[in-house]
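The values are calculated or read from the model by the stated rules, or taken from the named source; none is laboratory data. The shown structure was predicted, so the numbers you read here are calculated from the model rather than taken from an experiment. Please note: Cβ atoms are built from the backbone with ideal geometry, for glycine as well, and neighbour counts cover all protein chains shown. To get the accessible areas, we keep the full protein, side chains included, count just its heavy atoms, and leave off ligands, DNA and RNA. Shrake-Rupley method; radii C 1.70, N 1.55, O 1.52, S 1.80 Å.
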Amino acid sequence: MTLTVTAAPAPPSAPEKASPPGWRRRWPLLPLIATVLLVGVPSDGTGAGAVSGVPVADLLSGVAVLVCVGRLLFLRRRPLTPTAAVVLGLPAVALALATVAATDPAAALPGFVRYLQIFVLVPAAVLLLVKDAWGFRAVTGALVLLAAVQGVTGVHQYVTGSGASYMGQDIRAVGTFGPGDVMGMATVVGYGLVAATAYALRAPAGAPRRLKLWALLTAALLVVPLTLSFSRGAWIATAAGALAAIALTGLRQAVRALAVVGAAGVVLVGGFGVGSEMISQRLTSITEVTSAPDRSVNDRYTMWAAAAGMWRERPATGVGLKGFPAHRDGHASIGLSAGSDTAGAGQEFRRQPLLSPHNMYLLILSEQGLIGLTALVGSWAALLVGGVRRLVLARARGAATVDCGLAAVGLMTWQTVDFLYADIGGPSTVLTGIVLGLAAWWALAEPERTTVA
């Protein structure tokens, strides 16, 4: 009889510890988060907040783009889905055409670079670097943190009388952006308020219960600096973004949320008297644009008419990027003032020239014509519609990432409404690219990246 000896089976190897969302996988997010947080660094183009005249946040957005390109070359993966390539690529084609067809192509070239950064490269980088819901929440969390810091700064300016000049008093909350960019703080606080509202409505899966309470409290408190910014456009855009998120949570929760929002508004503005008289005047001025407009509204309508005149002159491709200032006087009526007066917040009196129509859609129409408007607005519409569609489907399935959808749709709604009253310009502009990228991640990313918490 033959005795056969078999070797004992080797013990199973210890399973690899599932690496938590550690920085080995998450480090590509660092340039995006740093871009958001450093937007608030004070900079007049020559100070510590800029390098060779370029704001630090813009430089970091460039680093994020380079990291994205490097990872694509190293990992050799398909960069974008065909749909995402079309949605984000068409604006690039339209921008190139507007630059080539401009009345002064050399002057239009810096505008081409800026538009490409904000509307194509940064959104694409966000879409590709944000790998999952954790990354999305990290970037939106940075937006909320930035809003909180700017909001505290703005309220301090109002209380101490150290803000920008408004109706003869240095009380306008502008945060660290200064009187030359009165929309900067309002934009940042609006983003943060909408994002906080989304997480108050639907907390991330597995998050502590107190997170919803903190998100609700943060959103309510951010109403104060937003109000003290005296920015009518930001008020309207924030209301639209928050209401969009509320409406998409379902009827029952929407009714409860609206009741809370109404109560918070009464307590914070009415009960405490936070700038109530001036706020009332500012609100009233929104409805007096045709009967008794103030000078800022009159200037805005005059510039809107000038933008329409430029478009009628060159309807297909417009006058070229950065062409509005050069063609403004040839199309504006004599009712346009020479500029707006700015002072306060550490700055001496200064006359700031009016170099844009303060309406992004009309600015695109005048400088890029119907081709540019169709490409850019079509891209934004695709992000908004695609985001709403995916959010409705995710809510019906009970997906764990509904909070991301609410934030993405709310922020995209904010941006599209705000563009009716503002255009790109100033240090906070780079955040527009971040917001578009977050909306693109939710609307266009491959399903497995947006359905797992």
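In the set (1) of a type outside the set (S, T, N, Q); (2) surrounded by fewer than 20 Cβ atoms within 10 Å (Cβ to Cβ); (3) assigned to a loop (DSSP other than H, G, I, E, B), ARG395 fails one condition alone, (3). Residues that are in a helix (DSSP H, G or I) and at pLDDT below 90 were ranked within the stretch 202-216; the one that is nearest to HIS156 (Cα to Cα) is LEU216. Could you identify the single residue in LEU373, LEU444 that is open to solvent by 10 Å² or more (accessible area, probe 1.4 Å) and without any contact (Cβ under 8 Å) to a residue 60 or more places away in the chain? One residue alone meets the criteria, LEU373. Condition check: crowded, with 22+ Cβ neighbours inside 10 Å, of a type in the set (Phe, Trp, Tyr) and in contact with a strand residue (DSSP E or B) (Cβ under 7 Å, 6 or more places away or on another chain). Does PHE230 satisfy that? In short, yes.
Between LEU80, LEU66, LEU143, LEU72, which is under 29 Å from TYR361 (Cα atoms) and open to solvent by 40 Å² or more (accessible area, probe 1.4 Å)?
Values: LEU66 fails: under 29 Å from TYR361 (Cα atoms); LEU143 fails: open to solvent by 40 Å² or more (accessible area, probe 1.4 Å); LEU72 fails: under 29 Å from TYR361 (Cα atoms).
Being under 29 Å from TYR361 (Cα atoms) and open to solvent by 40 Å² or more (accessible area, probe 1.4 Å) holds for just one of LEU80, LEU66, LEU143, LEU72, which is LEU80.
Screening TYR191 with (1) part of a helix (DSSP H, G or I); (2) surrounded by fewer than 24 Cβ atoms within 10 Å (Cβ to Cβ) gives one miss only, at (2). For VAL402, indicate whether it is open to solvent by 50 Å² or more (accessible area, probe 1.4 Å), modelled with pLDDT of 90 or more, out of contact with any strand residue (DSSP E or B) (no Cβ under 9 Å at 6 or more places or on another chain) and under 30 Å from TRP134 (Cα atoms). When the stated conditions are applied, VAL402 does not pass them.
Summed over the stretch 16-32, the residues that are at pLDDT 85 or above and open to solvent by less than 30 Å² (accessible area, probe 1.4 Å) give a count of 4. Within the stretch 301-317, residues that are under 13 Å from ARG328 (Cα atoms) and among the small types (Gly, Ala, Ser) reach partners that are in a loop (DSSP other than H, G, I, E, B) and open to solvent by 60 Å² or more (accessible area, probe 1.4 Å) with beta carbons closer than 9 Å, at six or more positions or on different chains, in the pairs ALA305/SER333; ALA306/SER333.
For the stretch 330-347, does any single residue satisfy the condition of being farther than 30 Å from GLY168 by Cα and modelled with pLDDT under 85?
Filtering the stretch 330-347 for residues farther than 30 Å from GLY168 by Cα gives 330-331.
Imposing the further condition that a residue be modelled with pLDDT under 85 reduces the set to 330-331.
Taking every residue of the stretch 330-347 in turn, at least one turns out to be farther than 30 Å from GLY168 by Cα and modelled with pLDDT under 85.
Give the residues of the stretch 148-161 that are open to solvent by 50 Å² or more (accessible area, probe 1.4 Å) and either within 24 Å of ALA195 (Cβ to Cβ) or of a type in the set (Ser, Thr, Tyr) (or both), sorted by residue number. Before you say what the answer is, go through the steps one by one.
So the first thing to find is which residues in the stretch 148-161 are open to solvent by 50 Å² or more (accessible area, probe 1.4 Å), and the list is 149, 152, 156, 158-160.
Answer for the stretch 148-161, where residues must be open to solvent by 50 Å² or more (accessible area, probe 1.4 Å) and either within 24 Å of ALA195 (Cβ to Cβ) or of a type in the set (Ser, Thr, Tyr) (or both): VAL149, VAL152, HIS156, TYR158, THR160.
Before we move on, is LEU354 modelled with pLDDT under 90, open to solvent by less than 20 Å² (accessible area, probe 1.4 Å) and within 30 Å of GLY178 (Cα to Cα)?
Numbers: modelled with pLDDT under 90: yes; open to solvent by less than 20 Å² (accessible area, probe 1.4 Å): yes; within 30 Å of GLY178 (Cα to Cα): yes.
Yes: the conditions hold for LEU354.
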